[in-house]
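The values are calculated or read from the model by the stated rules, or taken from the named source; none is laboratory data. Since we're looking at a predicted model, the values are computed, not measured. All Cβ positions, glycine included, derive from the backbone under ideal geometry; neighbour counts span all protein chains shown. Please note that ligands, DNA and RNA were not included when accessible areas were found on the heavy atoms of the full protein model with its side chains. Shrake-Rupley method; radii C 1.70, N 1.55, O 1.52, S 1.80 Å.
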Amino acid sequence: DTSKAPEWPFTYSKIDPAVAEERAYKAYHEQGGWGVGVAEGFFGTLADEVGYPYNQIPTGMFINASSGYQQSSLCGSIGIAGACIGSVCEGADAKKLIMKLENWYKAAELPIYQPDGPIATTVAESIQCEVSVGKYMEAEGVEYGDQMRKNRCAGVAADCTRKAVELLNEFFA
């Protein structure tokens with residue numbers, strides 16, 4: 001019954017990480033940033049494949065996670081991936097999975113997903129937007145507004161979406 005508030009945590013249905021990843025990348029470019037990218041990759045895919053309650057979540061509301069929540073603080077990809085995980089897991093389980101996601105992010109050479117051609121990868125060693133983006137821009141010699149930086153951050157949104165889906169698929173297997 002879609003007239004009632006859904007019970008939390010939402011029932012998770014396994015989704016294809018590659019589908020969510022591609023959708024996140026496109027949404028980053030088309031809709032405006034990390035948070036929308038991750039939300040569209042996760043909630044948007046589940047809305048199409050499962051329907052309710054995921055089709056009740058307007059992914060555009062996650063625009064606030066762009067540019068490290070406007071202050072170059074927490075990477076919006078991590079923040080919204082954490083919200084995605086938290087939507088389908090009890091608190092203690094969500095915390096464990098989010099910690100795995102954050103530890104992976106700090107150690108991974110990102111971006112992994114690079115559909116628009118090869119770009120430099122960097123290891124953030126942090127979940128802070130300013131550090132993560134800063135290391136990339138220094139390594140590649142680009143400014144914040146450059147297309148290569150945007151492709152990099154779209155790739156990171158895709159990578160975080162994929163990793164969150166992989167963690168959840170494994171958790172609920």
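Remarks
- Pairwise centroid distance, computed over Cα atoms, of segment 81-109 with segment 1-38, Å: 15 Å
- Plainly put, segment 96-149 has a radius of gyration that is 1.00 times its Kirkwood radius, both from alpha-carbon atoms, as the Rg/Rh ratio.
- Efficiency of FRET from Cβ geometry, residue 103 and residue 144, R₀ 25 Å, rounded to 0.05: 0.40
- Sorted into 10 angstrom bins from 0, the C-alpha pair distances of the chain split as 11, 42, 34, 10, 2, 0 percent.
- Amide H partners (placed H, <5 Å) of residue 122, local residues excluded: 110
- Segment 101-114 - phi-based ³J(HN,Hα) in whole Hz, Karplus 6.51/-1.76/1.60, Gly and Pro as x: 4, 5, 5, 4, 4, 5, 9, 7, 7, 10, x, 7, 7, 9
- Remark: segment 115-173 carries 47 Å² of accessible area per residue (probe radius 1.4 Å; ligands, DNA and RNA excluded).
- In the full protein context, segment 1-100 carries 47 Å² of accessible surface per residue, based on a 1.4 Å probe and ignoring ligands, DNA and RNA.
- Between residue 166 and residue 16, the simple spin-label model (points 7 angstrom out along Cα→Cβ) gives 1.7 nm.
- Accessible surface of the chain [probe 1.4 Å, protein heavy atoms]: carbon and sulfur percent: 51 percent
- Between 0 and 90 degrees, the angle of helix 129-140 with respect to the longest Cα principal axis of the chain falls at about 40 degrees.
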